[in-house]
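Here's the structure, in structure tokens; my notes come after.
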Amino acid sequence: MLMDLFNHWVVITLMMSGLYIVIAHGNLIKKIVGLSVFQTSVFIFYISMAKVDGGTAPILADDIVQYSNPLPHVLILTAIVVGIATTALGLSLVVRIKEAYGSIEEESIQQQDNQQQDNNAHAKRKQEEEA
Amino acid sequence: MIDIILLTLLVVVAIAIIRMKDLFAVVMLLGIYGLLSASFFVAMDAVDVAFTEAAVGAGISTLLMLVVIAMTGRKEKTNRHKPLPALCIVLITGGLLIYGTFDMPHFGAADAPIHQHVAPRYINDSMAEVGVPNIVTSVLASYRAFDTFGEVVVIFTAGIGVLTLLSVARRKEDAEKISSINDSMHEQHLVIRIVAKMLIPFIFLFALYVQFHGDFGPGGGFQAGVIFAAAIILYAMLFGLNTARKVINQTFIQLIAAVGVLLYGSVGIVSLMNDGNFFNYNVLASDPIAGQHLGILLIEWGVGCTVASVMMIIFFSFAGRLELHQHNERVKNQESS
């Protein structure tokens, strides 16, 4: 009875670990790793819903009566490959951020942005005063 | 039983990922996490998914992250911002979700709502309607071909995105200088190079087997594309990027990525012109089953081409960027000394 929902609880634990990494860590690569953990937990959720007790892999063969549900398999199969493509896009943004700011820590990027903004505002005020 | 052990290990790995500060270790743990979840998918009868996850999660994604770490540095700063509120949010959300699971059907229950809707039709009628033993392939390539088309376009778009963000315009004279750095790094691993040289043809053969045997066993265009790209990536890692660029023309793989999507889409257009619905393969040949086989073969080719070339494009973009970084650093060092 207790183990009937074990899969769901593990999925939620993994999902929350991923979410925690995304919120609490400032390093952009670590954030992407967190997103991957989150993503895989969703895959695990779908695949464990597809399992039927006593079923086998959904490849038709003689004298097999019970198959697991093939639909979630299809959805997740394509989602994995789309996932790596989008992760790669995220990583390439990280590389560009590193080139532009010299850092991939969120705080230092934020600091540099604020400084830039202050400098701009300062320069503007000076211009207006001169005018 | 084995699935409970695998799930527990997954939780352990996830906690280790949170606690590790060294990004290199984090990325290796993520590879282990991918491999564990692939094993879990086998235990859950999802052989096609396990195949993909093993190739992608444990293979290519680990590799890409390692390349990025080589550019951005492997140490994470120790201070976290607002860990306590984050923990609160996470605990509350998790608690609510766990409360929600009490209403969910139990694991493995055959009468769960998910098994009542369309799945019985796929399982009972797909042999008569599509004529392919692997139900996952017939759903992926025939019943839900429109959906899969969307996914292929997303992959293609992501490939273009990476290319726009990272592609390096290289001049001829630069290329020679950069290659000299690159080749000197790869001269030492003689044993690995010879073993890999013998293995690569078999990896290609396996990729083609997975591509064409996907109707009858686990496999299909997505897995075959990733495996095919993995062979090329292995070659590039061992023999240097410049050698690999000579073997595989970069413009050519960009063309192939587009041709794959085009091939997929045109199968839909042809079925539309033959008085069928978009992606209704029955009208492609005089016999509906033969039409289904033809349609599935063609779109699996399209998927395989696009996935393989997008994976290669992504790897070559990242590795080319890394090469440029190393080159710039070396030039800087030479100037300062």
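Looking across B:252, B:278, B:239, B:222, one residue alone is open to solvent by 10 Å² or more (accessible area, probe 1.4 Å) and touching a residue at least 60 places away in the same chain (Cβ under 8 Å). It is B:278. Looking only at region A:20-32, residues that are without any contact (Cβ under 8 Å) to a residue 40 or more places away in the chain and either outside any helix (DSSP H, G or I) or within 7 Å of another protein chain (Cβ to nearest Cβ) (or both) come to 6 in all. Right, residue B:150: more than 7 Å from every other protein chain (Cβ to nearest Cβ), surrounded by fewer than 17 Cβ atoms within 10 Å (Cβ to Cβ) and assigned to a helix (DSSP H, G or I) or not? Criteria met by residue B:150.
Against the condition over 30 Å from residue B:77 (Cβ atoms) and surrounded by fewer than 17 Cβ atoms within 10 Å (Cβ to Cβ), how does residue A:78 come out, does it pass? Please lay out each step first, then the result.
Details: over 30 Å from residue B:77 (Cβ atoms): yes; surrounded by fewer than 17 Cβ atoms within 10 Å (Cβ to Cβ): no.
Here the answer is no, as residue A:78 does not meet what is asked.
Residues that are among the aliphatic types (A, V, I, L, M) and either under 17 Å from residue B:302 (Cβ atoms) or out of contact with any Pro (no Cβ under 6 Å at 6 or more places or on another chain) (or both) within region B:125-138 comprise B:127, B:128, B:130, B:132, listed in sequence order.
I'm trying to understand the selection: among the residues of region A:49-81, which are β-branched (Val, Ile, Thr), within 7 Å of chain B (Cβ to nearest Cβ) and more than 17 Å from residue B:37 (Cβ to Cβ)? Residues satisfying the conditions are A:52, A:56, A:59, A:74.
Residue by residue, here is whether (1) modelled with pLDDT of 90 or more; (2) touching a His at 6+ places or on another chain (Cβ under 7 Å); (3) within 14 Å of residue B:129 (Cβ to Cβ); (4) of a type outside the set (S, T, N, Q) holds:
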{"residue": "B:253", "(1), (2), (3), (4)": "yes, no, no, yes"}
{"residue": "B:256", "(1), (2), (3), (4)": "yes, no, no, yes"}
{"residue": "B:261", "(1), (2), (3), (4)": "yes, no, no, yes"}
{"residue": "B:266", "(1), (2), (3), (4)": "yes, no, no, no"}
{"residue": "B:270", "(1), (2), (3), (4)": "yes, no, no, yes"}
{"residue": "B:274", "(1), (2), (3), (4)": "no, no, no, no"}
{"residue": "B:280", "(1), (2), (3), (4)": "no, no, yes, no"}
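In this structure, does residue A:46 turn out to be modelled with pLDDT of 90 or more and more than 8 Å from every other protein chain (Cβ to nearest Cβ)? Yes, satisfied. Among the numbered conditions (1) surrounded by 20 or more Cβ atoms within 10 Å (Cβ to Cβ); (2) more than 7 Å from chain A (Cβ to nearest Cβ), the only one that residue B:134 does not meet is (2). For the structure I just gave you, tell me whether residue A:11 is open to solvent by less than 20 Å² (accessible area, probe 1.4 Å) and in a helix (DSSP H, G or I). Here the answer is yes, as residue A:11 does meet what is asked.
Name the single residue that is nearest to the chain's Cα centre (by Cα) among those in region A:71-110 being outside any helix (DSSP H, G or I) and not hydrophobic (A, V, I, L, M, F, W, C).
So in region A:71-110, the residues outside any helix (DSSP H, G or I) come out as A:102-105.
Narrowing further to those that are not hydrophobic (A, V, I, L, M, F, W, C): A:102-103, A:105.
Details: A:102: 24, A:103: 21, A:105: 18 Å.
Among residues in region A:71-110 that are outside any helix (DSSP H, G or I) and not hydrophobic (A, V, I, L, M, F, W, C), the one nearest to the chain's Cα centre (by Cα) is A:105.
Of the listed requirements (1) modelled with pLDDT of 90 or more; (2) under 29 Å from residue B:51 (Cβ atoms); (3) more than 7 Å from chain B (Cβ to nearest Cβ), residue A:84 misses just one: (3).
Among the residues of region A:1-52, those that are among the charged types (D, E, K, R) and closer than 18 Å to residue B:6 by Cα comprise A:4, A:51. When region B:109-131 is filtered for residues that are among the aliphatic types (A, V, I, L, M) and open to solvent by 10 Å² or more (accessible area, probe 1.4 Å), the ones remaining, listed by number, are B:109, B:110, B:114, B:118, B:123, B:127, B:128. Apart from one condition, residue B:260 fits all of (1) touching a strand residue (DSSP E or B) at 6+ places or on another chain (Cβ under 9 Å); (2) crowded, with 20+ Cβ neighbours inside 10 Å; the exception is (1). Among the residues of region A:80-107, those identified as out of contact with any helix residue (DSSP H, G or I) (no Cβ under 7 Å at 6 or more places or on another chain) and without any contact (Cβ under 8 Å) to a residue 40 or more places away in the chain are A:99, A:100, A:102.
Within region A:33-71, the set of residues being without any contact (Cβ under 8 Å) to a residue 12 or more places away in the chain and open to solvent by less than 30 Å² (accessible area, probe 1.4 Å) comprises just one member, A:57. If you go through region B:272-325 and keep only what is in contact with a Gly (Cβ under 7 Å, 6 or more places away or on another chain), farther than 25 Å from residue B:254 by Cα and among the hydroxyl-bearing types (Ser, Thr, Tyr), you end up with just B:281.
Apart from one condition, residue A:26 fits all of (1) in contact with an Asp or Glu (Cβ under 6 Å, 6 or more places away or on another chain); (2) surrounded by fewer than 21 Cβ atoms within 10 Å (Cβ to Cβ); (3) over 30 Å from residue B:77 (Cβ atoms); the exception is (3).
State yes or no: is residue B:277 at negative phi and outside any helix (DSSP H, G or I)?
Numbers: at negative phi: yes; outside any helix (DSSP H, G or I): yes.
In short, yes.
The values are calculated or read from the model by the stated rules, or taken from the named source; none is laboratory data. Fair warning: this is a prediction, and the values are worked out from it, not measured in the lab. Methodologically, a virtual Cβ is constructed for each residue, glycine included, from the backbone with ideal geometry; neighbour enumeration extends over all protein chains shown. Just the protein is used for accessible areas: all its heavy atoms, side chains included, with ligands, DNA and RNA removed. Shrake-Rupley method; radii C 1.70, N 1.55, O 1.52, S 1.80 Å.
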